[in-house]
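Colleague: Below is the structure I would like to discuss, written out as structure tokens.
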Amino acid sequence: MIDADERASMAATVRGAIAHALAAGGQDADIDVVLAKLGWPEILADEPDDAIDIVFSALGAANATATALDDVVVSAIGQQPRADLAVLLPPFTAWGPPGRIDADDLRAQGLATGRAATARELLVVCGTESEPRCGRVPIADAEVQAVRGVDPDAGLRAVRVQARAPDTSVLEAAAWQSAVALARRAVAHQIAGASREMLELARSHALERVQFGRPIARFQAVRHRLADALVAVEALEATLTAAREDPNPDTAALAKAVAGRTAHTVARHCQQVLAGIGFTSEHPFQRFLKRTLALEGLFGSADEIVLDVGRRLLAERRAPTLVEL
Amino acid sequence: MGQVPDSGASLGLAPYRAELHAWLDAHREELAPRFSPPGTLDDHVAQMQRVKGILFEAGWMQLGWPERVGGRGGSPMLRTELGAAIAGRDLADPGLFSLIEVLAPTLIDFAPPALAAEVVPRLLSGAELWCQGFSEPDSGSDLASLRCRAAPEAGDAREAPRWVINGQKVWTSLAQFSDRCVLLTRTGPTDSRHRGITAFFVDMDTPGITVAPLEMLNGEQEFAEVFFDDVVVPADRMLGELNGGWAVAMSILPYERSSCFWQRIAYLYRRLQQVVEVAPDHDRAAEIVGEAYLQLHALRARSRATQHRLAETGTLGAETSIDKVLVATAEQTTYDAVRRLLPGTIELDDSGAGEVWRSDYLYSRAATIYGGTIEVQRNIIARRLLELGSDA
């Protein structure tokens, strides 16, 4: 068990190492190498909660690109993460197993991190949420296309697999659910890190930017936008703490949904406060905006999760509390 | 008494909660409201006092309160759980029930010990009802500008045996039912702001006090104007220091923003549960329900963290303005969801159930106003949490 001081020190180390790598190598810096040197696979195995919180918050805050999400999924379904094993992620906004096996054929479609460009194998979870199976195909059997999209630096790949079905093993339904839950928490932490950073950019701009003879931070309209952004960020962080203290698919799903809502709220207010400069490529704000747009769809968007949760509440005719004192 | 834990200190909250709910189940009929919905405010007040009496008799009400005021000790979270259970079962209105949380701690922290020991048990047991005289016609969000004056009856302020109060309060909840009032008065110069305020504990039957209830937009008379005309109060009813009333007012915040909110949240989950039971089962409804549930969950997660911080550090500060914004927003979202999910209920339904939904919906419009408007909370967040400097 890591105590609070160790956690803070570890977080500072990870943030420092990522910042150092980005300063030296820019967007070409290999953050996966940085994380490997910091012992990411071991920490993920030993202390997954801390590992995910610290690493993904740091990635979000630095707008750094890594492929650590693959390791989160692989380890959550009980396998050994490897740098040459990529994961087929569900399609944008979805979270069901991305593959289907029909007789001898495997058909799958979804997204992948940049690891798909260098990996030897692709892990594909097939079937339904209640009866998932897990197999690996040579990466050569997959059609991997770099996604430019809104955020070319995110490293996302669009992946399509149409191959002879590999040997698959039965996966417990709970294993896929917990992989989705852990991945949702990871992405939500990344969005939280990015959201805090967007707020900090807007906050420092508001303090420095002078109009009508005073810093715009003195105008109540500006202050209230930043206050609402902070409320959103803190609510997200509270749901992430809840997802950690009461780990289950529901608390993780809600944390991911809150992350989507928060990113939208924070980006909207901060963009407005940053005004002209925030609308340029030169200012870092736009990179966070674009990254959160890309992350919002991984393992379920806020809209899809809210709809899914609402359907279940209506089907069961219950609205249970998920956390207790 | 045997079935009640001694203090709860040795127990985790989960076993305590289980024991509490088992007891509430066993006493369901005894505790249930005696009126059919919606009931008048008199009905609701009588129900609350009756429930408090039953819980006091059985020993539950005293848990989480210090022994020197007749409590049975243990973590304050025990009483938070009790309040949440009461609200979640609709046994008493949480807005009224949780007034205990803003009034009793004031007496415990600032009254002469003998006075606190005498009166706090009377509040807990339902023998008495108290109110909070803070706001004035010209002092709403800007509480430090209050003008209701207290002056020494004769001689020096430090030695005066009696004080004379003149002025007016407004939005005083349950004033017409109350036996006592925690009152903020101006004792310094007119422009002394928060440095010249003193708190008193005033008996509401003192000559010179007039209560004029105000009708709210839902038809109820929950709050009132209170007029003070040469009201004489003994000096030993002063709460805290002379000119130290601001500290008294501010000391309420940690309770108001922790246990009171947890009770409110339990009540809001209960409302969402009720609407989920009858809402149409289609995707538009699912989106509305899901959105309200999402906000309630984020609020509850935040409130839990806040209460654990209070338990660990013993104090809360400006960061609770975030809790206040979340609770106000989630409450309005929940009732907006009710309106959208059950068209015609709030607008047209004259049954008892419809009256309740309508009244609560209308009341929820004030969630961003009472207890410090949402704008004041944003000002605090901007200045204190984001450190944006003065807005002047």
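Colleague: Is it the case that B:A85 is surrounded by 17 or more Cβ atoms within 10 Å (Cβ to Cβ), modelled with pLDDT of 95 or more, within 14 Å of another protein chain (Cβ to nearest Cβ) and under 17 Å from the mean Cα position of the chain (by Cα)?
Modeller: When the stated conditions are applied, B:A85 passes them.
Colleague: Anything in the range B:172-230 that is part of a loop (DSSP other than H, G, I, E, B), under 24 Å from B:A111 (Cβ atoms) and among the aliphatic types (A, V, I, L, M)? List them, or say none.
Modeller: Listed by number, the residues that qualify are B:L174, B:M204.
Colleague: Quick check, is A:F299 assigned by TED's automatic domain parsing to the domain that holds A:I191, over 25 Å from A:A221 (Cα atoms) and among the aromatic types (F, W, Y)?
Modeller: In short, yes.
Colleague: Being in a loop (DSSP other than H, G, I, E, B) and in contact (Cβ under 8 Å) with a residue 60 or more places away in the chain, is that true of even one residue in the range A:253-260?
Modeller: We begin by selecting, within the range A:253-260, every residue in a loop (DSSP other than H, G, I, E, B); these are none.
The answer is no; no qualifying residue exists.
Colleague: Test A:G96 against the stated conditions and say whether it is assigned to a loop (DSSP other than H, G, I, E, B), in contact (Cβ under 8 Å) with a residue 40 or more places away in the chain and either not assigned by TED's automatic domain parsing to the domain that holds A:V55 or not acidic (D, E) (or both). Even if it seems obvious, please write down each step before you answer.
Modeller: Values: assigned to a loop (DSSP other than H, G, I, E, B): yes; in contact (Cβ under 8 Å) with a residue 40 or more places away in the chain: no; either not assigned by TED's automatic domain parsing to the domain that holds A:V55 or not acidic (D, E) (or both): yes.
Judged against the criteria, A:G96 is not a match.
Colleague: Next question, about the same structure. From the list A:V323, A:V309, A:V210, pick out the single residue that is modelled with pLDDT of 95 or more, surrounded by fewer than 24 Cβ atoms within 10 Å (Cβ to Cβ) and outside the structural domain of A:H189 (by TED's automatic domain parsing). Walk me through it before giving the result.
Modeller: Working: A:V309 fails: outside the structural domain of A:H189 (by TED's automatic domain parsing); A:V210 fails: outside the structural domain of A:H189 (by TED's automatic domain parsing).
On inspection, the qualifying residue turns out to be A:V323.
Colleague: Let me ask you something else. Restricting to helices (runs of 4 or more DSSP H) lying wholly in the range B:93-161: which have 1 or more residues that are surrounded by 22 or more Cβ atoms within 10 Å (Cβ to Cβ), touching a helix residue (DSSP H, G or I) at 6+ places or on another chain (Cβ under 8 Å) and acidic (D, E)?
Modeller: On the way: elements: B:94-97, B:99-110, B:113-124.
Per the criteria, B:99-110.
Colleague: Further question on the same structure: Among the residues of the range B:370-392, what is the count of those that are more than 7 Å from chain A (Cβ to nearest Cβ), surrounded by 15 or more Cβ atoms within 10 Å (Cβ to Cβ) and of a type in the set (A, V, I, L, M)?
Modeller: 3
Colleague: Any idea how many residues of the range A:202-261 are β-branched (V, I, T) and at the interface with another protein chain (Cβ under 7 Å from one of its Cβ atoms)? Steps first, answer last, please.
Modeller: Going through the range A:202-261, the residues β-branched (V, I, T) turn out to be A:210, A:216, A:222, A:231, A:233, A:239, A:241, A:251, A:258.
Remaining after also requiring at the interface with another protein chain (Cβ under 7 Å from one of its Cβ atoms): A:231, A:239, A:241, A:258.
So the count comes out to 4.
Colleague: Given the conditions (1) of a type outside the set (G, A, S); (2) part of a helix (DSSP H, G or I); (3) within 7 Å of another protein chain (Cβ to nearest Cβ), and given that B:R271 satisfies all but one, which numbered condition is not satisfied?
Modeller: (3)
Colleague: Residues to consider are A:T265, A:T321, A:T280; find the one that is part of a loop (DSSP other than H, G, I, E, B), among the polar types (S, T, N, Q) and away from every other protein chain (no Cβ under 11 Å). Break it down stepwise before answering.
Modeller: Values: A:T265 fails: part of a loop (DSSP other than H, G, I, E, B); A:T321 fails: away from every other protein chain (no Cβ under 11 Å).
Exactly one residue qualifies, and that residue is A:T280.
Colleague: With the condition kept exactly as written, say whether any residue in the range B:286-305 is without any contact (Cβ under 8 Å) to a residue 40 or more places away in the chain, at the interface with chain A (Cβ under 7 Å from one of its Cβ atoms), over 20 Å from the mean Cα position of the chain (by Cα) and not in a helix (DSSP H, G or I).
Modeller: No, that holds for no residue.
Colleague: Mind checking which residues of the range A:101-140 are buried (at least 22 other Cβ atoms within 10 Å of the Cβ) and of a type in the set (K, R)?
Modeller: Once the filter is applied, which keeps residues that are buried (at least 22 other Cβ atoms within 10 Å of the Cβ) and of a type in the set (K, R), the range A:101-140 yields only A:R115.
The values are calculated or read from the model by the stated rules, or taken from the named source; none is laboratory data. The model shown is predicted, which means the values in this text are computed figures rather than measured ones. All Cβ positions, even for glycine, are placed from backbone atoms using ideal geometry, and neighbour counts span all protein chains on display.
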